[in-house]
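Below: the structure, in structure tokens.
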């Protein structure tokens, strides 16, 4: 699995300001990768371009070993006409019923599957939304702030579980939580403002697979490196 | 909701009648110009049964007309929701036709269809159809991206699902417009009857007008108001029940 | 002079709010409002002629002649102070009296009621009222024609159940399509147009005039308020005298060209040839004989009209309309 970008530029129509300029990087292998950077740096724009790059052949994005790319984001909603559990049932392939049950359990949503989406808290809504994406066929799943409003402990549990259950898949995790990104991600693409003329770069994260293995000095080094990158 | 509608109408009607009677008293006008309370009551006792039957006749046509217009509005609204050339054409045509006063087309309708049931039905349907259509088009043409994204991304989106999502997301707007269009349908039917029909409360009002019988007109207005309040109240109550069961308001909105 | 002016619409439907009073005398001219029953056309030729040929101005009157319509009611306007004089149908006058309005009749414009029924003479022959039995006819429910037809049928021992009634609307389609045999028209306006239209298609028509069968239902008359008649008899006499003079002049065949020219100014939609025939028809109704004085009030016709309305329950008690009839001589 390889994702490569060789000089991606992007500006919104009728705008002269570049959102993304000359973006170059490569990420290899399945696992949890990240896109990190301050607000307005073009993380979501990049994610959307990547999700739809096949319909825009002019984009300098190349992949190998990656078929389906899905993009999910914070504040996506499920329809209101039936319970979240029924919605999950409808979008869950028959052969993934066990996975669905496991995810509901890990995501701690068992008690609310009978509730309608509008009756869930924001954190529950985001977790419910993420489950339905994880049940789909994908090779690369872009998670854009998909675990926002979820408490830190549960978020770590979810991240580690996803890494374990979907170890053969590629994830691109967009988050503003530096420690989380540094700790759990493999390659961290640090985006910078085009106006700062500083190229974006890849920083290697710790790629932890369990909670007890926290190595403070090592983590500090990664975080410092990320901070220095923009 | 239902009772609130009725007593709100009663208050408005009483105020309206009160103003008329104050003007009558203040200007010492005869019963010919503004009827006094005894004459109004006498007329009401004498005519209310007949007028009630007439209003129910009008209401039945209005309900049927409204039903047809709701069906047509959704049919055309669903067809015209796409940003394709055909969709755009349907929207523009709907906006343009809406600019025509239906009442101006009424004479043509009566010539073609006569002054019976069909003309009343068609005019009622047409009068409430266009406002409904514009609302439905507005709802159906506006994507609900935060819900639709998943279905599009995973290849599950079908037109039925798209319509369902957009309708449910705008349930409040649609139920309000549908309840509001009841008044339009009723008004359309009354106008049709007033112009040329041979039945219904509009027809009775026309006769009362020929005979300068304001007391009869006031009685008819009361009957229309009460019946339409009940009908609209029922529609609104149904709308509230629908919204409570299916609505997408978040729980913060319920606080 | 005192004045009554009422201003302001009420709840978008019924009007109100006012001040009281009568005509306004500015300099030497006295301002008056005169509300007609219907739109400007040949059937109000005398009113238009009075206005156009300066009859009012010459008498020192500044009269605003206002068009009528189905929604306008001259008697209500008299009471509300919008009008000083007006034209109303006899049934309006009698209904108004029944409801306590203070109205008096000054002149009866139409000696023969223009409300008649048109029919194709190859479809029906009406020589006696019993010929109406089973006939398909148009009736305006609530209108004068319904009252008149009920009376005619009653005279023949029939009711509306003995004929086939079609509700009348604004167009003549049922008659043109031969769905009905008899269709109510105003003899001197719609009647002329329809007769002409059918004549072009080779069909000849006749008019069924209720008066020929003893039903003399009075049509349009000039009215004012009792207060005005009692308080300003000179002004009423002056106005009425000028108006009747104008009508006399307008009905004089020698003035036909000038009358048609005046009418054309206000009724641009009707063709000149049609207006000419309409004027002839109006003359027959207003001045059926050369010696008939325009505006003559026929008391027996008024009494019959009241009797018919009382019999049909259109008024609750006798209103003694003949006591409200004034003519020029009474001022």
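Looking only at strands (runs of 3 or more DSSP E) that lie completely in segment A:1-42, which have at least 2 residues being surrounded by 13 or more Cβ atoms within 10 Å (Cβ to Cβ) and at pLDDT below 90?
Values: elements: A:2-11, A:18-28, A:31-36.
By residue number, A:2-11, A:18-28.
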In segment A:76-103, the residues that are in contact (Cβ under 8 Å) with a residue 24 or more places away in the chain, within 22 Å of residue B:243 (Cβ to Cβ) and at the interface with another protein chain (Cβ under 10 Å from one of its Cβ atoms): A:77, A:78, A:79, A:80, A:82, A:87
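Out of all the residues in segment C:104-136, which are part of a loop (DSSP other than H, G, I, E, B), more than 22 Å from the chain's Cα centre (by Cα) and touching a residue at least 24 places away in the same chain (Cβ under 8 Å)?
Scanning segment C:104-136 gives C:121, C:122, C:123, C:124, C:126, C:128, C:133, C:134, C:135.
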Close pairs (9 angstrom Cβ cut-off, 6 or more residues apart or separate chains): facing chain C (nearest Cβ under 9 Å) and farther than 20 Å from residue B:219 by Cβ in segment B:17-29, assigned to a helix (DSSP H, G or I) and modelled with pLDDT under 95 anywhere: B:27/C:79; B:27/C:80
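Counting only residues that are surrounded by 18 or more Cβ atoms within 10 Å (Cβ to Cβ) and touching a helix residue (DSSP H, G or I) at 6+ places or on another chain (Cβ under 7 Å), which one in segment A:144-154 is nearest to residue A:27 (Cα to Cα)?
Keep residues of segment A:144-154 that are surrounded by 18 or more Cβ atoms within 10 Å (Cβ to Cβ), which gives A:144-147, A:150.
This time we only want the ones that are touching a helix residue (DSSP H, G or I) at 6+ places or on another chain (Cβ under 7 Å), so: A:144, A:146-147, A:150.
Working: A:144: 18, A:146: 21, A:147: 22, A:150: 27 Å.
Ranking the candidates gives A:144 first.
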Unique match (being in a loop (DSSP other than H, G, I, E, B), in contact (Cβ under 8 Å) with a residue 40 or more places away in the chain and either out of contact with any helix residue (DSSP H, G or I) (no Cβ under 8 Å at 6 or more places or on another chain) or closer than 27 Å to residue C:93 by Cβ (or both)) among B:40, B:34: B:34
Failed condition for residue C:175, given (1) surrounded by fewer than 18 Cβ atoms within 10 Å (Cβ to Cβ); (2) within 14 Å of chain B (Cβ to nearest Cβ): (1)
Count of segment B:88-110 residues which are over 23 Å from residue B:201 (Cβ atoms) and either in contact with a helix residue (DSSP H, G or I) (Cβ under 8 Å, 6 or more places away or on another chain) or assigned to a helix (DSSP H, G or I) (or both): 12
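Could you pull out every one of the helices (runs of 4 or more DSSP H) wholly within segment C:147-238 that has 2 or more residues that are within 23 Å of residue C:108 (Cα to Cα) and in contact with a strand residue (DSSP E or B) (Cβ under 7 Å, 6 or more places away or on another chain)? Give the derivation first.
On the way: elements: C:173-176, C:190-200, C:226-231.
Those helices (runs of 4 or more DSSP H) span C:226-231.
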Among residues of segment A:133-169, those that are in a loop (DSSP other than H, G, I, E, B) and farther than 17 Å from residue B:146 by Cβ, counted: 11
Test: residue in segment C:170-190 that is touching a helix residue (DSSP H, G or I) at 6+ places or on another chain (Cβ under 8 Å), within 30 Å of residue C:80 (Cβ to Cβ) and without any contact (Cβ under 8 Å) to a residue 12 or more places away in the chain: yes
Residues satisfying the stated conditions in segment B:190-226, i.e. on the phi > 0 side of the Ramachandran plot and at the interface with chain C (Cβ under 9 Å from one of its Cβ atoms): B:212
Given (1) free of Cβ contacts under 8 Å to residues at least 60 places away in the same chain; (2) away from chain B (no Cβ under 14 Å), index of the condition residue A:54 fails: (2)
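When segment C:77-96 is examined, which residues are found to be touching a strand residue (DSSP E or B) at 6+ places or on another chain (Cβ under 9 Å) and within 8 Å of chain B (Cβ to nearest Cβ)?
Within segment C:77-96, the subset touching a strand residue (DSSP E or B) at 6+ places or on another chain (Cβ under 9 Å) is C:77-90, C:92-93, C:96.
Once the filter is applied, which keeps residues that are touching a strand residue (DSSP E or B) at 6+ places or on another chain (Cβ under 9 Å) and within 8 Å of chain B (Cβ to nearest Cβ), segment C:77-96 yields C:79, C:80, C:92, C:96.
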Yes/no for residue B:67 being free of Cβ contacts under 8 Å to residues at least 40 places away in the same chain, part of a helix (DSSP H, G or I) and either in contact with a helix residue (DSSP H, G or I) (Cβ under 9 Å, 6 or more places away or on another chain) or surrounded by 18 or more Cβ atoms within 10 Å (Cβ to Cβ) (or both): yes
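Looking at C:91, C:98, C:84, C:73, can you tell me which residue is within 30 Å of residue B:28 (Cβ to Cβ), more than 18 Å from the chain's Cα centre (by Cα) and surrounded by 20 or more Cβ atoms within 10 Å (Cβ to Cβ)? Break it down stepwise before answering.
Details: C:91 fails: more than 18 Å from the chain's Cα centre (by Cα); C:84 fails: more than 18 Å from the chain's Cα centre (by Cα); C:73 fails: more than 18 Å from the chain's Cα centre (by Cα).
Of C:91, C:98, C:84, C:73, the one residue that is within 30 Å of residue B:28 (Cβ to Cβ), more than 18 Å from the chain's Cα centre (by Cα) and surrounded by 20 or more Cβ atoms within 10 Å (Cβ to Cβ) is C:98.
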Which numbered condition residue B:8 fails, given (1) within 11 Å of chain C (Cβ to nearest Cβ); (2) in contact (Cβ under 8 Å) with a residue 24 or more places away in the chain: (1)
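Count, please, the residues in segment B:145-172 that happen to be at negative phi and either more than 28 Å from the chain's Cα centre (by Cα) or away from every other protein chain (no Cβ under 14 Å) (or both).
Kept after step one, since they are at negative phi, are these residues of segment B:145-172: B:145-154, B:156-172.
In the following step, the residues that additionally are either more than 28 Å from the chain's Cα centre (by Cα) or away from every other protein chain (no Cβ under 14 Å) (or both) were identified as B:145-154, B:156-159, B:161.
Within segment B:145-172, residues that are at negative phi and either more than 28 Å from the chain's Cα centre (by Cα) or away from every other protein chain (no Cβ under 14 Å) (or both) number 15.
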Failed item in (1) under 23 Å from residue A:173 (Cα atoms); (2) surrounded by fewer than 15 Cβ atoms within 10 Å (Cβ to Cβ); (3) within 14 Å of another protein chain (Cβ to nearest Cβ), with residue A:70 passing the rest: (2)
Evaluation of residue C:59 against (1) surrounded by fewer than 21 Cβ atoms within 10 Å (Cβ to Cβ); (2) more than 9 Å from chain B (Cβ to nearest Cβ); (3) without any contact (Cβ under 8 Å) to a residue 60 or more places away in the chain (one fails), failing number: (3)
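The values are calculated or read from the model by the stated rules, or taken from the named source; none is laboratory data. All values reported here derive from a predicted model rather than from experimental measurement. Note that each Cβ is placed from the backbone with ideal geometry, even for glycine, and that neighbours are counted across all protein chains shown.
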